[in-house]
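Scroll down for the structure; my scribbles are underneath it.
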Ligand code: NI
């Protein structure tokens with residue numbers, strides 16, 4: 001079956017994080033992470049561009065039903081919303097909650113949950129209006 005169409009939907013959530021490495025000295029953490037090392041954390045309004053790929057159904061004219069995609073997205077994003085990621089989300093207590101790692105986390109959460117026959121194609125995570133991270137799994 002040829003997959004010939006993508007659909008991108010944008011979701012948003014707000015969350016806080018602190019970038020720190022316990023193995024570094026206080027000075028080294030400030031040198032590497034700068035303001036992002038602030039002991040009390042700092043927040044971002046994240047925007048996720050979620051792109052799925054699939055074949056246009058003859059029956060519906062769609063590759064995936066948006067409502068079905070929203071249900072999946074809500075189940076993954078809602079737990080992150082208004083959280084201090086590196087304290088409240090278990091995954092990020094072990095993996096630094098950098099934009100890169102949040103994009104990777106989102107890929108891994110979505111990849112097996114996209115309503116079939118569509119599949120996950122691309123993740124773009126905007127951390128600020130000036131930077132975003134792209135992630136595509138293996
Ligand atoms: Ni930050």
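In whole Å, what is the distance between the alpha-carbon centres of segment 81-118 and segment 9-74? So the two Cα centres are separated by 7 Å.
The order of the peptides 108-119, 31-42 by mean Cβ neighbours within 10 Å, most packed first, is 108-119, 31-42. Against the main long axis of the alpha-carbon atoms of the chain, helix 66-77 sits at an angle near 20°.
A crude spin-label estimate for the pair residue 6 and residue 88, with each label 7 Å from Cα along the Cβ direction, gives 3.2 nm. Across segment 5-135, the relative contact order, built from alpha-carbon pairs under 8 Å that are at least six residues apart, equals 32 percent. Relative to the longest principal axis of the Cα atoms of the chain, the long axis of helix 99-110 makes an angle of roughly 40 degrees. A Stokes-Einstein calculation at 10 °C with viscosity 1.306 mPa s, built on the Kirkwood radius of the chain over Cα pairs, returns a diffusion coefficient of 98 µm²/s.
Structural descriptor for segment 46-114: relative contact order 27 percent, calculated from alpha carbon pairs under 8 angstrom and at least 6 residues apart. Could you tell me the calculated FRET efficiency between residue 66 and residue 129, based on Cβ-Cβ distance and R0 = 30 angstrom, to the nearest 0.05? Between residue 66 and residue 129 the formula returns 0.75. Would you calculate, for the chain, the mean residue ellipticity at 222 nm contributed by helices, counting each DSSP H stretch of 4 or more residues as -39,500 (n - 2.57) and dividing by all residues, to the nearest 500? It lands at -8000 deg cm²/dmol.
A straight chain from residue 45 to residue 122 at 0.36 nm per residue would run longer than the Cα-Cα distance by 25.7 nm.
I want to make sure I understand the PRE zone here: with the label point 7 angstrom from the Cα of residue 23 toward its beta carbon, which residues in segment 86-102 have backbone N atoms less than 20 Å away? Only 86-87, 91-102 pass the distance filter. Of all DSSP beta bridges confined to the chain, the antiparallel ones make up roughly 95%.
For the peptides 79-91, 17-29, the ranking by packing is 79-91, 17-29, with the highest mean count of neighbouring Cβ atoms within 10 Å listed first.
Coordinate-derived values only; no laboratory data. In this text the structure is predicted, and so the values were computed from the model without any measurement. In this analysis, Cβ positions are derived from the backbone assuming ideal geometry, glycine residues included, and neighbour counts consider all displayed protein chains.
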